[in-house]
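For reference, the structure discussed in these notes is given below.
The values are calculated or read from the model by the stated rules, or taken from the named source; none is laboratory data. A quick note: this is a predicted structure, and the numbers were derived from the prediction, not measured. Counting neighbours? That spans all protein chains shown, and the Cβs are built from the backbone with ideal geometry, glycine included. Heads up: the accessible areas ignore ligands, DNA and RNA and are worked out on the full protein's heavy atoms, side chains in. Shrake-Rupley method; radii C 1.70, N 1.55, O 1.52, S 1.80 Å.
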Amino acid sequence: MTTTRRWVLQEHVWTKVSDESGFTGIGVDTSPSPTDAPRSAATLLIRAVRRA
């Protein structure tokens, strides 16, 4: 078995951090977890544009 480290943060956390880091036009798409396992999580796809 292999373990993969991941950041499981909520959408509002990613949006705030992205904004504070100088990004704009921030959008988030969510894909639900494919399983109901206890440690499963949805996948967030975040897109943003860096301010000039």
Checklist outcome for this item: Checked pairs for the range 12-33, first in contact (Cβ under 8 Å) with a residue 24 or more places away in the chain and over 10 Å from Leu44 (Cα atoms), second open to solvent by less than 60 Å² (accessible area, probe 1.4 Å) and assigned to a helix (DSSP H, G or I), C-beta under 9 Å and 6 or more apart or across chains, list as Thr24/Ser18
Item to check | Complete set of residues in the range 15-52 that are of a type in the set (Val, Ile, Thr), outside any strand (DSSP E or B) and surrounded by 12 or more Cβ atoms within 10 Å (Cβ to Cβ) | outcome: Thr15, Val17
Checklist entry - How many of the residues in the range 25-45 are more than 13 Å from Val8 (Cα to Cα), of a type in the set (A, V, I, L, M) and touching a strand residue (DSSP E or B) at 6+ places or on another chain (Cβ under 9 Å)? => result 2
Checklist entry - When you look at Arg51, is it touching a strand residue (DSSP E or B) at 6+ places or on another chain (Cβ under 7 Å) and at pLDDT 85 or above, yes or no? => result no
